[in-house]
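Trainee: Pasting a structure here, questions to come.
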Amino acid sequence: MEADREPDGSAEGSSRAGGWSGHVSRGWDASGGERGMSEATGKADAGGTAGGSPAGASAARDASRTTEMAEQPSQREVDTGEEPSGAAGTVERRTAVSRDAFDQPREWLLLNALVLGLRDYMRKTGFRECVLGLSGGIDSSLAAYIAARACGPRRVHGLLMPSRYSSEHSVRDARALAEALRIDAAVVPIEEVHRAYERLPIVGPELLDEPAGLADQNLQARIRGAIVMFRSNRHGWLPLSTGNKSELAVGYCTLYGDMAGGFAVLCDLYKQDVYALARFINEAEGREVIPEHVLVKPPSAELAPGQVDQDALPPYPLLDGILRELIEREAAPQELFDRFPRDVVLWVARRLDRNEFKRRQLPPGIKLTARAFGSGRRMPIAARWDPANTPW
C-alpha cells in the first residue's frame with residue numbers, strides 16, 4: 001500500500017517547488033534504479049546493485065549463513081508442497097549446507113534474509129497468515145512475493161483498494177501479481193468511504209475546498225490502513241506494511257495509513273534495492289512474477305491526479321546515494337557537497353532529522369544494513385538544529 005505521503009510534521013506540504021526534474025536533467029536517472037549509484041559515488045556493490053552498503057550485504061550474508069547452517073548437512077532439499085507445515089503454518093525447507101551458498105549474489109542474500117526474517121517472526125509470534133494492501137506498485141509487489149515465500153501463497157491475503165485516482169493499469173498490475181503468486185486478492189474500493197467524509201460537517205467542506213491536497217491524500221491512505229487493520233483484527237492475520245527505507249527516511253509515508261501494520265517488511269531496504277530484488281526475482285523464477293510494467297512505470301502514490309514520486313522527492317538514485325552516506329556512514333552534510341548537489345543534500349538531511357517522530361511509530365522489521373532505523377539509529381525527536389540553516 002504505497003499510498004500516502006506526509007513528508008514531515010509541518011504544514012509545509014509534500015512538494016518541492018518545481019519538482020526535482022532539474023536533477024534528472026543533470027544526469028540523475030528518475031527511473032527506479034536503471035542506472036547504478038556508481039554514477040553518484042564512483043563505485044558499485046560487489047553484487048552489482050546500485051549504491052549498496054558493504055555492511056548491509058554483510059548483514060544479509062550473515063542471515064543467509066544462519067539459515068543454511070541451521071540445517072543438517074546430511075539432509076536433502078525437501079519441499080512440503082501444497083500445505084505449509086510447522087507451528088506457525090510456514091513452509092519448511094531443508095537444504096544441505098553448501099559453500100556455494102556463501103558466494104551468492106547480493107540480491108539472493110538480501111531476498112533470503114527478508115524471507116527468513118518474516119518467516120521466523122511469524123513462527124515465533126504465532127501468526128499463521130498475513131494481509132497486506134496491493135497497490136500495483138513495486139513495494140507491495142515485492143512484499144507480497146516475500147510473504148508468499150515465507151508462509152506459503154495460501155496464507156497471504158492481498159487487498160486491492162482503488163480510489164478515484166487509481167489508474168486502471170495499477171489495478172491490472174496488482175491482479176497480475178496476485179495470479180502469478182497464487183495469493184488471495186480481494187477488491188475493496190474506497191470511493192464510497194472517501195465520499196462519506198466529504199458529507200461530514202466541518203471535514204467535508206474542508207476536503208472539498210482542497211481536493212487531492214495533502215490532508216486528502218493522507219485521508220485516503222488512512223482509509224486503506226483501517227481496512228487492512230480490520231481484516232487483520234477480524235481473522236487474526238499479521239498486517240504487513242510495505243514502505244521502504246528511502247521513503248521512511250524522508251517521511252514520504254502516512255502515520256496510521258501505509259505505515260500501519262504489525263511488521264514492516266521492507267523498512268531497511270532502499271528503493272533501488274527494491275527494484276534490484278524485483279528484477280532478480282523475475283530472472284531467478286524464469287517468468288514474469290512481478291509484472292514488467294511495475295518495473296518500468298514511474299513510481300506513484302496515485303493519491304492525486306497525475307501524481308508521481310519525483311514531484312515530491314529527488315530521483316531515487318540520487319536520494320539513496322545521499323541517504324546511505326548520512327545514515328550508514330554517518331557523514332555530515334558538508335562532506336557530501338563535492339559529490340552531490342548541495343541543495344539536495346540539505347533537503348534530505350533536514351527531512352531525515354524532522355521525520356524521526358514517524359519512524360518511532362514504525363512496526364518492527366528486518367535489519368539488513370549497518371544502521372537500521374530503530375535501535376540501530378537512535379536520534380532525538382525534538383531537535384532545534386536545522387542543516388539548511390547551518391553555515392557550512
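The values are calculated or read from the model by the stated rules, or taken from the named source; none is laboratory data. As the structure is a prediction and not an experimental result, all values here were calculated from the model. Note: ideal-geometry Cβ built from the backbone for every residue, glycine included; neighbour counts use all protein chains shown.
Trainee: Tell me which residues, restricted to the stretch 138-173, are of a type in the set (Asp, Glu) and touching an Asp or Glu at 6+ places or on another chain (Cβ under 7 Å).
Mentor: Residue satisfying the conditions is 139 alone.
Trainee: What's the total number of residues in the stretch 132-158 that are part of a strand (DSSP E or B) and touching a residue at least 60 places away in the same chain (Cβ under 8 Å)?
Mentor: The total comes to 3.
Trainee: While we're looking at this one, here's another question. Which of the residues spanning the stretch 206-247 are hydrophobic (A, V, I, L, M, F, W, C), in a helix (DSSP H, G or I) and out of contact with any strand residue (DSSP E or B) (no Cβ under 8 Å at 6 or more places or on another chain)? Explain how you work it out, then say what you get.
Mentor: From the stretch 206-247, those hydrophobic (A, V, I, L, M, F, W, C) are 207-208, 212, 214-215, 219, 221, 223, 226-230, 237-238, 240; that's our starting set.
Still in the running and in a helix (DSSP H, G or I): 207-208, 214-215, 219, 221, 223, 226-230.
Correct list: 207, 208, 214, 215, 219, 221, 223, 226, 230.
Okay, residues lined up against (1) of a type in the set (Lys, Arg); (2) more than 21 Å from residue 214 (Cα to Cα):
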residue	(1), (2)
290	no, yes
294	no, yes
297	yes, yes
303	no, no
309	no, no
317	no, yes
323	no, yes
332	no, yes
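Trainee: Same structure, new question: Would you say residue 126 is crowded, with 19+ Cβ neighbours inside 10 Å, over 13 Å from residue 240 (Cα atoms), of a type in the set (Gly, Ala, Ser) and modelled with pLDDT of 95 or more?
Mentor: Spelling it out, it is not the case that residue 126 is crowded, with 19+ Cβ neighbours inside 10 Å, over 13 Å from residue 240 (Cα atoms), of a type in the set (Gly, Ala, Ser) and modelled with pLDDT of 95 or more.
Conditions tested, residue by residue: (1) closer than 23 Å to residue 114 by Cα; (2) out of contact with any Cys (no Cβ under 7 Å at 6 or more places or on another chain); (3) of a type in the set (Gly, Ala, Ser).
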{"residue": "198", "(1), (2), (3)": "no, yes, no"}
{"residue": "214", "(1), (2), (3)": "no, yes, no"}
{"residue": "225", "(1), (2), (3)": "yes, yes, yes"}
{"residue": "266", "(1), (2), (3)": "yes, yes, no"}
{"residue": "272", "(1), (2), (3)": "yes, yes, no"}
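Trainee: Applying the selection to the stretch 162-200, what residues are more than 18 Å from residue 299 (Cβ to Cβ) and in contact with a helix residue (DSSP H, G or I) (Cβ under 7 Å, 6 or more places away or on another chain)?
Mentor: 164, 181, 182, 183, 185, 188, 190, 193, 194, 197, 198, listed by residue number.
Trainee: Could you say whether any residue in the stretch 190-204 is surrounded by fewer than 17 Cβ atoms within 10 Å (Cβ to Cβ), β-branched (Val, Ile, Thr) and at positive phi?
Mentor: Yes, the conditions are met somewhere in the stretch 190-204.
Trainee: Then there's this: Any residue in the stretch 302-319 that's buried (at least 24 other Cβ atoms within 10 Å of the Cβ): show its pairings with residues that are part of a helix (DSSP H, G or I) and of a type in the set (Lys, Arg) at Cβ separation under 6 Å, as long as the two are six or more apart or on different chains.
Mentor: 316/271
Trainee: Could we say that residue 145 is in contact with a helix residue (DSSP H, G or I) (Cβ under 9 Å, 6 or more places away or on another chain) and at pLDDT below 95 here?
Mentor: Against the criterion (in contact with a helix residue (DSSP H, G or I) (Cβ under 9 Å, 6 or more places away or on another chain) and at pLDDT below 95), residue 145 does not qualify.
Trainee: Within the stretch 325-344, does at least one residue satisfy the condition of being within 26 Å of residue 106 (Cα to Cα), modelled with pLDDT of 95 or more and touching a Pro at 6+ places or on another chain (Cβ under 8 Å)?
Mentor: yes
Trainee: Hey, another quick one. Within the stretch 263-295, work out how many residues are surrounded by 23 or more Cβ atoms within 10 Å (Cβ to Cβ) and polar (S, T, N, Q).
Mentor: Residues meeting the conditions: 1.
Trainee: A follow-up question, please. Is there any pair with a first residue in the stretch 207-228 that is over 18 Å from residue 159 (Cβ atoms) and a second that is among the hydroxyl-bearing types (Ser, Thr, Tyr) and buried (at least 19 other Cβ atoms within 10 Å of the Cβ) whose Cβ atoms are under 6 Å apart and which are 6 or more apart or on different chains, and what are they?
Mentor: Between residues of the stretch 207-228 that are over 18 Å from residue 159 (Cβ atoms) and residues that are among the hydroxyl-bearing types (Ser, Thr, Tyr) and buried (at least 19 other Cβ atoms within 10 Å of the Cβ), the close pairs are 214/14; 218/254.
Trainee: Still on this structure, please answer the following. Answer yes if at least one residue in the stretch 297-305 is farther than 22 Å from residue 224 by Cβ and in contact with a Lys or Arg (Cβ under 6 Å, 6 or more places away or on another chain), and no otherwise.
Mentor: No, the stretch 297-305 contains no residue that is farther than 22 Å from residue 224 by Cβ and in contact with a Lys or Arg (Cβ under 6 Å, 6 or more places away or on another chain).
Trainee: Name the single residue that is surrounded by the most Cβ atoms within 10 Å (Cβ to Cβ) among those in the stretch 356-387 being among the charged types (D, E, K, R) and outside any loop (DSSP other than H, G, I, E, B).
Mentor: Per the stated criteria, the residue is 358.
Trainee: Look at residue 207 and say whether it is over 28 Å from residue 149 (Cα atoms), surrounded by 13 or more Cβ atoms within 10 Å (Cβ to Cβ) and either of a type in the set (Val, Ile, Thr) or over 20 Å from the mean Cα position of the chain (by Cα) (or both).
Mentor: So residue 207 fits the description; yes.
Trainee: When you scan the stretch 161-169, do you find a residue that is among the hydroxyl-bearing types (Ser, Thr, Tyr) and either assigned to a helix (DSSP H, G or I) or touching a Gly at 6+ places or on another chain (Cβ under 7 Å) (or both), even just one?
Mentor: Within the stretch 161-169 (the criterion being among the hydroxyl-bearing types (Ser, Thr, Tyr) and either assigned to a helix (DSSP H, G or I) or touching a Gly at 6+ places or on another chain (Cβ under 7 Å) (or both)), the answer is no, since none of the residues qualifies.
Trainee: Another question, then. Would the stretch 175-187 turn up any residue that is surrounded by fewer than 14 Cβ atoms within 10 Å (Cβ to Cβ) and at pLDDT below 95? I'd like the intermediate steps shown before the answer.
Mentor: Within the stretch 175-187, the first condition is being surrounded by fewer than 14 Cβ atoms within 10 Å (Cβ to Cβ), and the residues that meet it are 179, 182, 187.
Those still in the list that are at pLDDT below 95 too: none.
No, every residue in the stretch 175-187 fails to be surrounded by fewer than 14 Cβ atoms within 10 Å (Cβ to Cβ) and at pLDDT below 95.
Trainee: Separate question: What number goes with the only condition from (1) within 21 Å of residue 141 (Cβ to Cβ); (2) out of contact with any helix residue (DSSP H, G or I) (no Cβ under 8 Å at 6 or more places or on another chain); (3) among the small types (Gly, Ala, Ser) that residue 226 does not pass?
Mentor: It is condition (1) that residue 226 fails.
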